[in-house]
Amino acid sequence: MYVRSRGFRAAVTALAAGAAVTVAAVPATATPPKSGPPAFLEPAELPPHPTSDWYAAAVTAGQPDPLPMCTGEALPSTASHRRYWTEYDTGALQVTVVERSTQRARQFAALLRENLADCARKVMEQYPDITATQKYYGRLDVEEGAHVYGVHTVAEWGASDIGLFSVGRDGRAVTVVQWGQMGTFAHAQVADFKATTVTAVGKLY
């Protein structure tokens with residue numbers, strides 16, 4: 001999601017530049033623990049770009065910098081993230097956080113969904129030169145579920161950006177996936193992004 005305002009762009013650079021934000025978790029209490037950290041998306045698992053391959057940075061411990069729009073302030077320091085980008089104005093981000101219990105992960109995922117459900121209003125409140133609108137694209141039936149949102153922003157100077165966001169959970173792990181590029185809701189690759197989200201949540205463990 002690309003915006004030219006300095007403050008707002010800092011909030012969305014991770015998305016536009018290909019930031020990856022994932023929230024890792026551990027299986028539910030009734031399930032035996034699985035070894036190893038949650039897996040992240042591979043570049044080829046992101047929504048296909050018509051004229052470019054996807055590229056990815058290494059998985060990095062800690063919060064992404066800058067923090068992603070609307071979900072960033074809720075991310076703990078225990079998060080891990082991975083950034084993705086193309087040769088053009090398209091980027092993505094995944095962040096993973098592993099909570100101490102299934103209940104904490106459930107509450108954390110609910111907080112992220114609450115923040116995304118109110119994203120457009122918060123963006124316009126913080127950045128008066130931005131007009132934002134959003135859509136809810138529904139729940140995906142994968143593990144403990146995932147939810148998909150879209151946010152379109154228009155700046156007073158003419159920049160128009162579209163971003164897709166999802167929050168999913170597998171036991172104690174929560175993952176946030178973001179995708180963004182210049183454009184409107186008409187340019188949102190919703191079906192492809194939903195497939196990416198299903199893959200991301202399925203790969204947590």
Can you list the chymotrypsin sites (Phe, Trp or Tyr not before Pro) in segment 71-110 that are in a DSSP coil and have 15 or fewer other beta carbons within 10 angstrom?
88
Averaged per residue, the 1.4 Å probe accessible area of segment 105-205, protein heavy atoms only, in Å², is roughly 40
Under Karplus coefficients 6.51, -1.76 and 1.60, residue-wise ³J(HN,Hα) of segment 124-141 in Hz, glycine/proline x
5, 5, 7, 10, x, 8, 10, 10, 10, 10, 9, 9, 10, 9, x, 9, 9, 8
Two-site FRET efficiency, residue 55 against residue 184, from Cβ-Cβ distance with R₀ of 25 Å, rounded to 0.05
0.50
Counting only residues 5 or more places away or on other chains, whose amide H sits under 5 Å from the amide H of residue 172 once H atoms are built in the peptide plane?
26, 28
Row for segment 44-129, column shape: gyration tensor on C-alpha, a ≥ b ≥ c, rounded if a/c < 1.5 i.e. under 1.5, prolate if a/b over b/c, else oblate; value oblate
Phi-based couplings in Hz for segment 63-73 (Karplus 6.51, -1.76, 1.60; Gly and Pro marked x)
6, x, 10, x, 5, x, 4, 6, 10, x, 5
Computed accessible area, residue 112, all protein chains, 1.4 angstrom probe, square angstrom:
0
Just reorder 179, 157 by solvent-accessible area, largest first, 1.4 Å probe, all chains present.
157, 179
Dipole of segment 124-173, positive direction: furthest Cα of 160, 145, 134, with charges on the beta-carbon:
145
For segment 42-132, listing GluC sites (Glu not before Pro) in a DSSP loop whose Cβ sees at most 13 other Cβ atoms within 10 Å gives 87
Projected onto the charge dipole of segment 60-102 (+1 at Lys/Arg Cβ, -1 at Asp/Glu Cβ, origin at the Cα centre), which of 102, 68, 85 gives the Cα projection farthest towards the positive end?
102
Can you pull the one-decimal nm distance between simple spin-label points at residue 125 and residue 192, each 7 Å off the Cα toward Cβ?
3.4
For segment 66-205, what % of the accessible area comes from carbon and sulfur atoms, probe 1.4 Å?
50
Based on alpha-carbon centroids, what's the gap between segment 163-205 and segment 75-148 in Å, whole number please?
9
Tell me, what is the 1.4 Å probe accessible area of residue 127, in Å² to the nearest 10?
30
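The values are calculated or read from the model by the stated rules, or taken from the named source; none is laboratory data. This one's a predicted model, so the numbers in the text were calculated from it and none came from an experiment. Note that each Cβ is placed from the backbone with ideal geometry, even for glycine, and that neighbours are counted across all protein chains shown. Side chains are part of the model used for accessible areas, which takes the heavy atoms of the whole protein and leaves out ligands, DNA and RNA. Shrake-Rupley method; radii C 1.70, N 1.55, O 1.52, S 1.80 Å.
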